[in-house]
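Below you'll find the structure, written out as structure tokens, and then a few comments.
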């Protein structure tokens, strides 16, 4: 956590990164003519569940939506050529800004004040199971299908092991696999945790590319003086962490691309087909000195 430009490390070493906001203890907001102090923290804003069944919502108690079509795109892990495995999974994203719901900080423009919502369900997205159709949103992804590009997973994974991934290697998700295409199709499926984490990274990359997800970390987000930040079409993957909450919590906050050895311990039971996660997003914001200046 950062307050007034100074780091207060309340977690383990390496649980944060330099977003480039500097150390100035004073900031100003042109949008509401206020003066305040920079604050930075990891805000639990979203939940994501990954499931084998289209229309199933594990984090909503296993609610099953009656789909308006005869869906054949149910999730599965299947053997590919040789000893490799592929996978296809469905995914739901939920908006759940719990810090606002719990009233941890009152009258702050820095906290997401949206109500609970479900803005994305993969079964309703025609590009989720079609790699070619997904290229319409990210045509540049075609350039990152070569062996040389896939080789970037190694250094990205190493960097994420003790810290955060390399934001310049945006086409890979470290030890989790290839970021593109932004679909539910996973060409290398090692474990359910790896598949689930990779699809989480992909969905946020997809929402950024679609312009519906904003970056809340960095100098531009600080100067925006709002809970949502600024548009960012190519996601800086450092700003997200995952925390498994279903079927049982892992008590860890995992940056994108970090090897999942600890998270996978005891998490591959035959009975577990669905997984749910809380998603933390890094937040840089200018907190006004006067509570009355908050939006």
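The values are calculated or read from the model by the stated rules, or taken from the named source; none is laboratory data. A quick note: this is a predicted structure, and the numbers were derived from the prediction, not measured. All Cβ positions, even for glycine, are placed from backbone atoms using ideal geometry, and neighbour counts span all protein chains on display.
Report yes if some residue within the stretch 30-42 is farther than 30 Å from residue 129 by Cβ, surrounded by 13 or more Cβ atoms within 10 Å (Cβ to Cβ), within 23 Å of the chain's Cα centre (by Cα) and at pLDDT 90 or above; otherwise report no.
Within the stretch 30-42 (the criterion being farther than 30 Å from residue 129 by Cβ, surrounded by 13 or more Cβ atoms within 10 Å (Cβ to Cβ), within 23 Å of the chain's Cα centre (by Cα) and at pLDDT 90 or above), the answer is yes, since at least one residue qualifies.
Go through (1) surrounded by fewer than 22 Cβ atoms within 10 Å (Cβ to Cβ); (2) closer than 18 Å to residue 159 by Cα; (3) out of contact with any helix residue (DSSP H, G or I) (no Cβ under 8 Å at 6 or more places or on another chain); (4) in contact (Cβ under 8 Å) with a residue 40 or more places away in the chain and name the single condition residue 239 misses.
Status for residue 239: all satisfied but (1).
Would you confirm whether any residue within the stretch 263-281 is under 16 Å from the mean Cα position of the chain (by Cα) and over 15 Å from residue 47 (Cα atoms)? Steps first, answer last, please.
Within the stretch 263-281, the subset under 16 Å from the mean Cα position of the chain (by Cα) is 275-281.
Add one more test, that the residue is over 15 Å from residue 47 (Cα atoms), and what stays is none.
No, there is no match, as no residue in the stretch 263-281 is under 16 Å from the mean Cα position of the chain (by Cα) and over 15 Å from residue 47 (Cα atoms).
List the residue pairs whose Cβ atoms are under 9 Å apart, where the first residue sits in the stretch 60-77 and is on the phi < 0 side of the Ramachandran plot and modelled with pLDDT of 60 or more, the second is surrounded by 11 or more Cβ atoms within 10 Å (Cβ to Cβ) and part of a loop (DSSP other than H, G, I, E, B), and the two are 6 or more positions apart or on different chains.
63/55; 64/53; 64/55; 65/54; 65/55; 66/55; 67/54; 67/55
List, please: which pairs have Cβ atoms under 7 Å, are six or more places apart or on different chains, and start with a residue in the stretch 17-28 that is farther than 12 Å from residue 223 by Cβ and end with one that is at pLDDT below 85 and assigned to a loop (DSSP other than H, G, I, E, B)?
The qualifying pairs are 23/5; 25/4; 25/5.
Okay, residues lined up against (1) touching a strand residue (DSSP E or B) at 6+ places or on another chain (Cβ under 8 Å); (2) touching a residue at least 24 places away in the same chain (Cβ under 8 Å); (3) surrounded by fewer than 20 Cβ atoms within 10 Å (Cβ to Cβ); (4) not in a strand (DSSP E or B):
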position	(1), (2), (3), (4)
227	yes, yes, no, yes
243	yes, yes, yes, no
248	no, no, yes, yes
262	no, no, yes, yes
282	yes, yes, no, no
286	yes, yes, no, no
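Mind listing just one residue for me: the one in the stretch 122-135 that is touching a strand residue (DSSP E or B) at 6+ places or on another chain (Cβ under 8 Å) and either at pLDDT 95 or above or surrounded by 19 or more Cβ atoms within 10 Å (Cβ to Cβ) (or both) and, of those, farthest from residue 92 (Cα to Cα)? Walk me through it before giving the result.
Quick first cut of the stretch 122-135, residues touching a strand residue (DSSP E or B) at 6+ places or on another chain (Cβ under 8 Å) only: 122-123, 128-129, 131.
This time we only want the ones that are either at pLDDT 95 or above or surrounded by 19 or more Cβ atoms within 10 Å (Cβ to Cβ) (or both), so: 122-123, 128-129.
Working: 122: 6, 123: 9, 128: 12, 129: 14 Å.
Per the stated criteria, the residue is 129.
Out of all the residues in the stretch 189-223, which are assigned to a helix (DSSP H, G or I) and closer than 20 Å to residue 17 by Cα? Steps first, answer last, please.
Just the residues of the stretch 189-223 that are assigned to a helix (DSSP H, G or I), to begin with: 192-209, 219-223.
Within the stretch 189-223, 201, 204, 205, 219, 220, 221, 222, 223 meet the criteria.
Out of the stretch 111-121, which residues are in contact with a strand residue (DSSP E or B) (Cβ under 9 Å, 6 or more places away or on another chain), surrounded by fewer than 19 Cβ atoms within 10 Å (Cβ to Cβ) and assigned to a loop (DSSP other than H, G, I, E, B)?
114, 115, 116
Give the number of residues within the stretch 166-177 that are outside any helix (DSSP H, G or I) and within 13 Å of residue 254 (Cβ to Cβ). Can you show your working first?
Step one: filter the stretch 166-177 for residues outside any helix (DSSP H, G or I), giving 166-173, 177.
Restricting the remaining residues to those that are within 13 Å of residue 254 (Cβ to Cβ) gives 173.
Summing the residues that are outside any helix (DSSP H, G or I) and within 13 Å of residue 254 (Cβ to Cβ) in the stretch 166-177 gives 1.
Do we have any residue at all in the stretch 156-165 that's surrounded by fewer than 18 Cβ atoms within 10 Å (Cβ to Cβ), part of a loop (DSSP other than H, G, I, E, B) and at pLDDT below 95?
Checking the stretch 156-165: at least one residue is surrounded by fewer than 18 Cβ atoms within 10 Å (Cβ to Cβ), part of a loop (DSSP other than H, G, I, E, B) and at pLDDT below 95.
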